[in-house]
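What follows is a short report on a single structure.
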Amino acid sequence: MSKKSLVLLIVAAFVMSMGLGVTMSLADNGPADITLNADGKKPALFPHASHQAKNDCATCHHKDDGGKQAPIAEGDTVAKCDTCHNADFANEKLRSFKDVGHGLCKTCHTKMKDAGAPTKCTGCHVKK
């Protein structure tokens, strides 16, 4: 494991242990780098700050509005994806973080490949 990956994993573990990863205000930019699915087999290193520089928060984050997806607004809290997207979620194709993340991330990365977005698995899922 590279030194950078190790540092990112430690920071992510610290943030999660503090409970800060559960919800945050939209005004809070969150951590600069996030390890997605940190306890899974193939975690993805996510450069959150660089994505924020190019996208609105609502590009990725949304809220539940009576069973429908609604954009977030200033003052809303941002919950972890698996708060809703879990085994109980109505749409079985969106029950896992892997399905949600792959759908959203891969779609955008395919569109942005000419701008340098990684399109191969190892571009995000860095080997340990």
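A short reminder: the numbers here are calculations on the coordinates, not readings from a lab. Just so you know, these numbers come straight off a predicted model, no measurement behind them. Counting neighbours? That spans all protein chains shown, and the Cβs are built from the backbone with ideal geometry, glycine included.
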message = What distance in nm separates the two pseudo spin-label positions at residue 69 and residue 92, each 7 Å out from Cα along the beta-carbon direction?
response = 2.0
note = The simple spin-label model distance between residue 82 and residue 122, using points 7 Å out along Cα→Cβ, in nm, is 2.7
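So which of 63/120; 54/98; 68/120 end up more than 26 Å apart, counting from Cα to Cα? Can you show the working numbers first?
Details: 63/120 29 Å; 54/98 23 Å; 68/120 32 Å.
Violating the 26 Å limit, Cα to Cα: 63/120; 68/120.
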